[in-house]
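What follows is a short report on a single structure.
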Amino acid sequence: MADSKIFKIFRFNPQTDKKHRFDTFKVPCRPGMTVLQALNYIQENLDGSLAYRSSCREGICGSCAMHINGKYRLACETQVSHLGSSITIRPMAHMDIIRDLVVDMTPFFEKLKAIKPYLIPGDPDEGAERIQTQDERAYLDYIVDCILCGACYASCAVNGYDDEYLGPAALAKANRFLMDSRDKADEQRLALVSDEHGVFRCHTLFNCQTVCPKNVDPTANIANLKRQIIARQLNPKFSKKGI
Amino acid sequence: MITSDVIVVGAGLAGLRAALELNRHNVKVAVVTKVHPVRSHSVAAQGGINAALSNHPRGKFDSPELHAFDTIKGSDYLADQKAVLKMTTEGIERIYELEHWGAPFSRTEDGRIAQRPFGGAGFPRTCYATDKTGHVLLHTLYEQALKFEAASERADMQIFDEWFVTRLIVHNGTAKGVIALNINTGEFEIFAGQAVIWATGGSGRVFGRTSNAYINTGWGMCVPFYEGVPLKDMEFIQFHPTELYTNNVLITEGARGEGGFLLNNKKERFLANYEDSAKAMEMAPRDIVARNMQREILAGRGVEGKYIHLDLRHLGKKKILERLPGIRMHAIHFAGVDPIDEPIPVAPGQHYTMGGLDVNLNTESKIKGFFAAGECACVSVHGSNRLGGNSLLETVVFGKIAGEYASAYFKDGGGEDVPVSFLNQILREEEDKIEQLLKSKGKEKHSAIKHELGEAMDSGAGIFREARTMNASLEKVKELKERYRHIGLNSSGRIANFDLLWALQLKGSLDLAEVILRGAINRQESRGAQFRTDYPMRDDKNWMKHTIASWKDGTVHLGYSSVDLSLYKAKKRHY
């Protein structure tokens, strides 16, 4: 017989509730079970009204970031067996709650849009592929793994008090394009992230680095953006290729 | 009412590529999708995308014609040949375009797009970005969509995410838009347009053991099916050889392309013992490898009697980290195994729907103004068995074509206008349907029906099929359909009601299951992914034809249509 664990889950339905609450569910857990599977069990067997996003169940679509026993993680990649006998789940912070664990990610995506998250090449798109060396591509290795799950954004204390702070995911994306050898919009990109709600707002708390499920390391990406901006202030001829 | 020139349903690779094309033609587009674009299942594609770029030293003499031949042979000759050649020819431009848009492909030593060997291909022609190709391509198209959305010089493009489409609006045989439910408010809206492009992806969740995401319920294929768009070749279901034994998460074919071995419990590379895979071994096409794996397991030579080992250890840590980092994490997260040190437990499972909405090589259907592209559509370029790396190719090639043809259709004036009273009537019908479902208080649980459906499809419509078990599964599906009429919901609110959404989609899964089984039972032959133990040979004389299923008054009717064999003659397949 499988061991049971207690799940305490944040509940809030703006249509009917004035205040949030935590509901407690007892879930039979088998070896290999993930938190997402436990949520499925609750939704299918104990309370169909439980709302949460899910899709790929393999850590690539970014639907199911949530606060699980004190840390932001993907529910689908988190083994229940690693969590102790009582598991508390809350929605991501700094975003309005739509229902239960579903939050409104509009501000997260608006900030992503603000950094122009697309390649801005110098030359027109013609002919075969642009040449990019393996080393140039290697710089992008972990950054392009970002799945836009929002875990970093929710974990960032700065996002908590500055509504306009761009946040770790958008800034990491800015660095991803800045450092792409094919991109030719350095000045424009750095200008977009260097105001008071940009990279210098970051307090280097390392929360984003700690929670990122894909090892994107937004902290290091933000540090590089700061370095690029300052180096250009000190030496107008500085080029990113010089590093 | 939201009005646009063209409505695109679905925002995976095919839907986004179609939307970008419409925008290029200065046509106003509304993209309606039940999940945020980057949550679409295209994101989970791993191994790569095929095109004869000839970047690999062993691929110097590759060409679109050879790519087409491999695809047609792989399809067991059920693919429409001119459509395949169109895909392999235009595919080259589409790959370069993705690169121009910023897709971070892995690179060769001379800085070109890297290519790796894949099953059933004469040359290494699968372009890749480590083992996260779908992820980087989907994010690239999403980035372009954001760029186009923000740009002011062309017609509007707007993405409506977390809107669930419940109905295709067809008036006098012409598609005029959709009805969709805003998941987060529970309110309905009419999306009216002069044309509709459908790009809702696959339907793997009709089965129990599948690599597909939860969202691939089959509902997307059923909405147009109910309104008169036929489904083609639905019995052809791809079983991917290497899904993680524990939870069916995909382990890319690229793992074998990079040199991985499949081993039975005697540590033998058993593919050598089968005539159809003796030469190509791990690089034989998916239908053949999956069957021979299943034969090993059935013969008692599976590891622990249940699965096969995918051994990557001899590739070395460096290559695994460089080229297969994603599947390494899957094995660690979901099987507790690090492929650097241990073999991965794998078994075949449902992976891809070769069939789909019946369209021609211009993505047009029999309903005027209705176009479809990607996995939800069937052109057919995959016939009865798809080659790995061709599905991503299909999405971008035919996504673009759909955008192009829908633009032309719109600029030609589209269909005749639809009266607003008609739109409002359809909207009321959908409202009533949802209200009724929300009020349903029956004894049956839709989640239980879903699980039983998965088991019935796994056992009856799996790798090895025969009339007896398929008929038993069909009976089961009919029983489940009856029980579905008596389900009860335990959540009645309108906001983010996932209970409602899963219940609604289950109807699609059930109807699609019937289409799959009926087509499979009728087709008395073995071809590509369909292997019948009671009819083990391919029968070109009687069955070189597409199955066409139509929906009339709530029942499924089967018919057939011809295959385009104008380029290559059908031969027996050996690898």
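Taking the charge dipole of segment A:106-218 about its Cα centre, with +1 at Lys and Arg Cβ atoms and -1 at Asp and Glu Cβ atoms, the residue from A:Asn175, A:Phe206, A:Ile115 reaching farthest to the positive side is A:Phe206.
Axis of helix B:420-439 versus longest Cα principal axis of chain B: the two differ by about 60°, to the nearest ten degrees. Distance from the alpha carbon centroid of segment A:52-126 to that of segment B:333-351 works out to 25 angstrom.
Please work out the FRET efficiency for the pair B:Asn182 and B:Lys306, using the Cβ-Cβ distance as r and a Förster radius of 41 Å; give the result to the nearest 0.05. Efficiency, rounded to the nearest 0.05: 0.40. When only Cα pairs below 8 angstrom with a gap of at least 6 residues are kept, chain B shows a relative contact order of 21 percent. Evaluated with a Cβ-only charge set (Lys, Arg +1; Asp, Glu -1), the protein assembly as shown carries a dipole of roughly 1520 debye about its Cα centre, given to the nearest 20. Overall, chain B carries a charge dipole of about 1300 debye about its Cα centre when +1 sits on the Cβ of Lys and Arg and -1 on the Cβ of Asp and Glu, all other atoms neutral.
Neighbours of B:Thr395, meaning other residues whose beta-carbon lies under 10 angstrom from its beta-carbon, give a summed charge of +1 when Lys and Arg score +1 and Asp and Glu score -1. The relative contact order of chain A, computed from alpha carbon pairs under 8 Å that lie at least 6 residues apart in sequence, is 17 percent. For segment B:354-374 versus segment A:197-239, the spacing of their alpha-carbon centroids is 47 Å. For the pair A:Asp3 and A:Asp125, label points projected 7 Å from Cα toward Cβ lie 5.3 nm apart.
Run the helix sum for chain B: -39,500 (n - 2.57) per DSSP H stretch of 4+ residues, divided by residue count, reported at 222 nm to the nearest 500 deg cm²/dmol. After summing the helix terms and dividing by the residues of chain B, the value is -11500 deg cm²/dmol. Charged neighbours of B:Ala45, selected by a Cβ distance under 13 Å, balance to -3 (K, R count +1; D, E count -1). Annotation note: GluC sites (Glu not before Pro) in segment A:71-163 located in DSSP loop regions with a Cβ neighbour count of at most 11 within 10 Å are A:Glu126. Taking amide H atoms as placed 1.01 Å from N in the peptide plane, the amide H of A:Thr34 lies under 5 Å from those of A:Val80, each 5 or more residues away in sequence or on another chain. Answer with one residue from B:Leu438, B:Gly414, B:Met1: the one whose Cα lies farthest towards the positive end of the charge dipole of the protein assembly as shown, charges on Cβ with Lys, Arg +1 and Asp, Glu -1. Value: B:Leu438.
Of the residues B:Asn264, B:Ser203, B:Ala448, the one whose Cα sits farthest towards the positive end of the charge dipole of chain B is B:Asn264 (charges of +1 on Lys and Arg Cβ, -1 on Asp and Glu Cβ, taken about the Cα centre). Is there a quick way to get the dipole size of segment A:84-126? I mean about its Cα centre, with the Cβ of Lys and Arg at +1 and of Asp and Glu at -1; what is the value in debye to the nearest 20? Computed charge dipole of segment A:84-126: roughly 340 debye. Shielding value for A:112-125 is 4, the average number of Cβ atoms from other chains within 10 Å of each residue's Cβ. Counts of other chain beta carbons within 10 angstrom of each beta carbon in peptide A:33-41 average 1. Distance between Cα centroids, segment B:215-287 to segment B:73-94: provide it in whole Å. Their Cα centres are 19 Å away from one another.
Within 10 Å of the Cβ of each residue in B:95-107, the mean number of Cβ atoms contributed by other protein chains is 6. Stretching B:Asp156 away from B:Ser421 to a fully extended chain increases their span by 92.8 nm, per 0.36 nm per residue minus the current alpha-carbon distance.
Bear in mind these aren't lab numbers, they're just calculated from the coordinates by the rules spelled out. Quantities reported herein were computed from a predicted structural model and do not represent experimental measurements. No Cβ is skipped: glycine too gets one built from the backbone with ideal geometry, and neighbour counts run over all protein chains shown.
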